[in-house]
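Participant: Pasting in a structure now, in structure tokens, and then I'll have a few things to ask.
The values are calculated or read from the model by the stated rules, or taken from the named source; none is laboratory data. Keep in mind that what you see is a predicted model, and the values were worked out from it rather than measured. Don't worry about glycine lacking a Cβ; one is built from the backbone with ideal geometry, like all the others, and counts go over all protein chains shown.
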């Protein structure tokens, strides 16, 4: 019995990770009190209001009848919140409407509400990086306005997102910023929310005493808040006090039923089933799991559904129903593969391994252990990357402090030298050194001036040719529009606008390349190598925009990258290189052609990244002048796109900082292949 209990506790740790980011993202965003009130409400609700469905119908009808002002933006937000626990996509749709309207009206409060609400939904969905970006933009605006209240709210939202990302120290810093602001303003309701999140954070890092302390603080401020109860239940469950955990869970379940909060109900049934399984009350565990499956299937919460189904598979296994247990766990594996949830995969392969042994299927057991090893390796790699990312944040802060200290030390040394260098002999020596140094500086200055003049000439050559001509063309086109606006038909005007937009896109692309090249030349783009997953970073780049570019030209864009490819390099520089090369390939490939991005492993933990197209290719003369600014002649793309050739030079110099080279192979009218090893 003791061995069963020990093994069960071990495997439950893996299963609980499947629901971690849903639990940390499930708290109320920013309610004005501790009850389930609507924070966006702009219309008085009668005391005997019949149902939230009627309220929703009323608001949906109302938005088509009222003017586009701040009240409409608030109503969009209220509708979004009504959808939040049942339909994430609908909620995001109405939050986006609130954000867009607030931006048009230049109404900053609406922009803050949009940022917090949209980040909350994205965090629930596990799209944490996008949530962080939205919140950081809002925080910058609040800091410009010196709006302390919204700085606190957004800092709290950022803490939630970083907690899901498991950047615990960063999350803690944002929570403490929010805590100081809310305490200063005596905002007890929001203090309770911060206490709740701090309880979850300390529970995640096994600081259970701290988790219970903050959970009790949250509950003291809001005794009827189901979220505070859920946080305390999690803390007590982690130290195996299942009976006490269940008391908090049952009370939280009662409140969530009264509030008709299906999302929270689905989450509470799961730990109730888990606690019952941990004390081997299999019938009660099965009952709670079936309820959790029903609710989470209804609202589409896949992670919570998988958690309940995983517990149910363990119940069936302990009952000896191995076939039914295997059926459940294979369904879980299918869903977690779709979500690419590594903790879920880890749990599934552990259970499948146990079931294969129980049924004497030893070959399958070997297969599952191999899969389990692969998953564990990926988890280890991601933990390393996460630690590197958080260390990067620390590094920037520490670097500034070290630079200040370095300047102080320099000043001290200079003062000491001035005190020591006294006397006649020292004065003569200083004069000698000074004359020599001035001569050296003059030579060096002349050399630098020559380089700067050459660079200036190259810049002016590009600017005069590639920026001046499009600007003049735009001016002439605008003049034609003004002269003929009353006589031209709509299609003619539309074509002129399309050409103007096309010219502007080319100028923007050229400006980006000029800025990148200038940063490289002046050291404004620091080289910061870290271990990272190049495959994951390439997936996060604006691949959809490149697909759109290719689609408009009827080009097949093929992306062939592995699940993971860990390399060491500067993330920003390498993704810039790949993006520039892909854009270039699409530019010089005609309709019906194909562009391929391939990331292929090589020996010694190296990878070859190649971009191949079936475009116009290049002549030998063009190849020889390809990487010499000022020598190459700009060539139009297959759809008339203009360029300067500067993008390839930027790619070459960025790769040289990594100790590698950009290789190219081309055949005229057959296409080109650019590749590098990293």
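Participant: Taking the criterion of being assigned to a loop (DSSP other than H, G, I, E, B), touching a helix residue (DSSP H, G or I) at 6+ places or on another chain (Cβ under 9 Å) and within 27 Å of residue 535 (Cβ to Cβ), would at least one residue in the range 620-631 satisfy it?
Facilitator: no
Participant: Can you name the condition, by its number, that residue 319 falls short on among (1) within 20 Å of residue 85 (Cα to Cα); (2) touching a helix residue (DSSP H, G or I) at 6+ places or on another chain (Cβ under 8 Å)?
Facilitator: (1)
Participant: For a quick check of your reading: which helices (runs of 4 or more DSSP H) sit entirely within the range 458-560 and have at least 3 residues that are at pLDDT 70 or above and not assigned by TED's automatic domain parsing to the domain that holds residue 590?
Facilitator: Qualifying helices (runs of 4 or more DSSP H): 468-484, 490-522.
Participant: Is it fair to say residue 619 is modelled with pLDDT of 80 or more and surrounded by 19 or more Cβ atoms within 10 Å (Cβ to Cβ)?
Facilitator: The answer is no for residue 619.
Participant: Now for a different question. Taking only the range 201-242 into account, find how many residues are more than 28 Å from the chain's Cα centre (by Cα) and either farther than 24 Å from residue 257 by Cβ or not in a helix (DSSP H, G or I) (or both).
Facilitator: Here the count works out to 15.
Participant: For residue 341, which of the numbered conditions (1) in contact (Cβ under 8 Å) with a residue 12 or more places away in the chain; (2) on the phi > 0 side of the Ramachandran plot fails to hold?
Facilitator: So the condition that residue 341 fails would be (2).
Participant: Checking the conditions here, which among 635, 642 is surrounded by 17 or more Cβ atoms within 10 Å (Cβ to Cβ), in the same structural domain as residue 585 (by TED's automatic domain parsing) and at pLDDT below 90?
Facilitator: Answer to the check: 642.
Participant: While we're on this one: Mind telling me which of the residues 578, 595 ends up being free of Cβ contacts under 8 Å to residues at least 60 places away in the same chain and outside any strand (DSSP E or B)?
Facilitator: Checking each option against the conditions leaves just 578.
Participant: Can you say whether residue 309 is within 34 Å of the chain's Cα centre (by Cα) and more than 30 Å from residue 82 (Cβ to Cβ), as far as the supplied structure shows?
Facilitator: No.
Participant: Of the conditions (1) surrounded by 21 or more Cβ atoms within 10 Å (Cβ to Cβ); (2) more than 30 Å from residue 375 (Cα to Cα); (3) modelled with pLDDT of 85 or more, residue 676 satisfies every one except a single condition; which number is it?
Facilitator: Looking at each condition in turn, residue 676 falls short on (2).
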